[in-house]
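Below is one structure, written out as structure tokens, with a few remarks after it.
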Amino acid sequence: KSMIRLEGVSKTYPGTTVPAVEELTLDVPEGDVLVLVGPSGCGKSTTLRLINRMIEPTGGRIIFDGRDVTKVDPDELRRHIGYVIQQIGLFPHRTIADNVAVVPRMLGWDKNRTTKRVDELLDMVGLDPSQYRDRYPKELSGGQAQRVGVARALGADPPVLLMDEPFGAIDPITRDRLQNEFLRVQDELQKTIVFVTHDIDEAIKMGDRIAILRQRSVIAQYDTPQRILAL
Ligand code: ADP
Ligand code: ADP
């Protein structure tokens, strides 16, 4: 079953003449990790922003869970699609627990349910809740802050995650650990994920499939070795 499908999608930003993406066609089956890989400026972030409707396409169609995204209520879309970026932008004057609780609170969950969920999420990303719940973002390492960003994106248990170079600014050793933990958690959660990176090694490690972008459009798509071996 297809969860996200892009059909000939184009985007030209206002005030520019060259499209950022052009005639892009992609299909992400439910439960798969699709990695978009390519050099800086080839349109990876634009593609993610089109999927969650931070921006609107200038051509083509985007289908989310069988429905044209333009017909899905934006609030519903936000509940169903978690978004993780490199500069996660935690609120500096709020505790880790308050940062992770953003989405549950937005959904009007009561205090008990929210607290329980926050602890569960911190556990899931490998941060001991009793130790980290009441800390502030500046007291965390880069890797730990990124974990909090992932926990926040998982707040309402969205079926879909968009991840834009989530481990990009992390040192290589920590990054390797975060990648491994991500794969372990994903094995359990089976989210539908579009994962953006410019690092081909990361793409092969993280993806079920990879789509190679070059200057605005996909030039090739492959199953990664782990997918081929799982068949
Ligand atoms: P990537 O994520 O692969 O680095 P982007 O999607 O960020 O690429 O950018 C694709 C192209 O669109 C680039 O040429 C970039 O300069 C341009 N672009 C991105 N955002 C905007 C914007 N808000 N306004 C105008 N041009 C943009
Ligand atoms: P992670 O693998 O989670 O990114 P690091 O390996 O970067 O963690 O950091 C190792 C330890 O150093 C962590 O347990 C963290 O508590 C501590 N640490 C790193 N940076 C800071 C900081 N700025 N303030 C407090 N503790 C820190």
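With every protein chain kept in the model, how would you rank E202, E165, E30 by accessible area, 1.4 Å probe, largest at the top?
E30, E165, E202
In region 98-231, with Lys and Arg counted as +1 and Asp and Glu as -1 at Cβ, which of these residues, A230, V196, Q144, has the Cα nearest the positive end of the dipole, that is, farthest along it?
Sorting the options by dipole projection puts first V196.
Work out, in µm²/s and without decimals, the Stokes-Einstein translational diffusion coefficient of the chain at 20 °C, 1.002 mPa s, Rh from Kirkwood over C-alpha pairs.
In µm²/s, the coefficient rounds to 118.
Along the charge dipole of the chain, which of G8, L127, Q87 sits closest to the positive end, that is, farthest toward it, with unit charges on the beta carbon of Lys, Arg, Asp and Glu (+1, +1, -1, -1)?
Projecting each Cα onto the dipole axis, the largest value belongs to Q87.
I'd like the accessible area for Y83: 1.4 Å probe, protein heavy atoms, all chains in place, Å² to the nearest 10.
70
How much accessible area per residue does the chain have, in Å², with a 1.4 Å probe?
50
If you stretched the chain out fully between Q221 and R61, how much longer would it get, using 0.36 nm times the residue separation minus the C-alpha to C-alpha distance?
That pair, Q221 and R61, stretches by 55.6 nm at full extension.
May I ask which of K1/K205; K116/K138; K1/K111; K71/K116; K44/K116; K44/K191 have a Cα-Cα span longer than 31 Å here?
From K1/K205; K116/K138; K1/K111; K71/K116; K44/K116; K44/K191, over 31 Å: K1/K111; K71/K116; K44/K116.
First compute the accessible area of the chain with a 1.4 Å probe, then give the percent of it belonging to carbon and sulfur atoms.
Heavy-atom surface of the chain belonging to carbon and sulfur, 1.4 Å probe: 50 percent.
Helix-only estimate, please: 222 nm mean residue ellipticity of the chain, summing -39500 (n - 2.57) across DSSP H runs of length 4 or more and dividing by its residues, to the nearest 500.
Theoretical 222 nm ellipticity from helices: -10500 deg cm²/dmol.
Put a dot 7 Å past each Cα toward the Cβ at D68 and T16; how far apart are the dots in nm?
Each label point lies 7 Å from its Cα, and together they span 2.5 nm.
Run the numbers on region 80-231 and let me know its relative contact order in percent, using alpha-carbon pairs under 8 Å that are six or more apart.
Contact order relative to length: 26 percent.
I'd like the antiparallel share, as a percent to the nearest 5, of DSSP beta bridges with both residues in the chain.
50
Can you give me the solvent accessible area of E76 with a 1.4 Å probe, rounded to the nearest 10 Å²?
My reading of the accessible area for E76 is about 40 Å².
Please give, to one decimal in nm, the separation of the simple spin-label points placed at D199 and R113, each 7 Å out from Cα toward the Cβ.
Computed distance between label sites D199 and R113 equals 3.8 nm.
In nm, to one decimal, how far is the V185 label point from the D128 one, both placed 7 Å along Cα→Cβ?
Reported label-point gap for V185 and D128 is 1.9 nm.
The values are calculated or read from the model by the stated rules, or taken from the named source; none is laboratory data. Because the structure is a prediction, the values reported are computed rather than measured. Neighbour counts are summed over all protein chains in view; Cβ atoms, including those assigned to glycine, are modelled from backbone coordinates with ideal geometry. What goes into the accessible areas is simple: the full protein's heavy atoms, side chains included, and nothing from ligands, DNA or RNA. Shrake-Rupley method; radii C 1.70, N 1.55, O 1.52, S 1.80 Å.
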